[in-house]
Structure formats: C-alpha cells, structure tokens
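Presented below is the structure to which this report refers.
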Amino acid sequence: MIDFCDLLCKYASVPEDDSLDGAGSCMTFNALYCSKNKRLVYKNQPCDKKEEDKDLE
C-alpha cells in the first residue's frame, strides 16, 4: 500500500509562508512542509516516510 503526503502525517505541516499559494488556506495548498525532509514537498505525492499522527486518530 502506498502512503501519500498529507496533513495526517506527524511530519507534515502547513507552510508558514502565505505567499506559497496566496490563499492562506490548506484546501488550496500544493505544498506541505515536511520536518523529516526539512523542506517543502508536494501535497499528495507518494511518501515512504509517512507516519500517522497518533493525536489525529
């Protein structure tokens, strides 16, 4: 089963820079900040490092 990058991952967060998409809404983000990779990544791209955040379950 393939995991995909999304906000359910404990490493993913909404980028702090609103200028990434201009809308300031997570519904339109094309990128998420990955603390594991220490960089922006495409939302919904396949990811082998995804770990579900236990607090969100």
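Readers should treat all values here as calculations from the given coordinates under stated rules, not as data from a laboratory. The structure presented is a predicted model; accordingly, all values stated were derived computationally and were not measured. We place every Cβ from the backbone using ideal geometry, glycine too, and count neighbours over all the protein chains shown.
General remarks:
- Sequence ranges 36-49, 2-15, ranked by mean other-Cβ count within 10 angstrom, highest first: 2-15, 36-49
- Converting phi to 3J(HN,Hα) with the Karplus coefficients 6.51, -1.76 and 1.60 and the offset θ = phi - 60°, the range 2-7 yields 8, 8, 10, 5, 7, 6 Hz in sequence order, with x at every glycine or proline.
- Radius 10 Å from Cβ of Glu51, net charge of other residues (Lys, Arg +1; Asp, Glu -1): +2
- Phi angles across the range 38-43 convert, under the Karplus curve 6.51 cos²θ - 1.76 cosθ + 1.60 with θ = phi - 60°, into 3J(HN,Hα) values of 6, 6, 6, 9, 5, 5 Hz, Gly and Pro given as x.
- For Cys5, distant residues with modelled amide H under 5 Å away: Asn44, Gln45, Cys47
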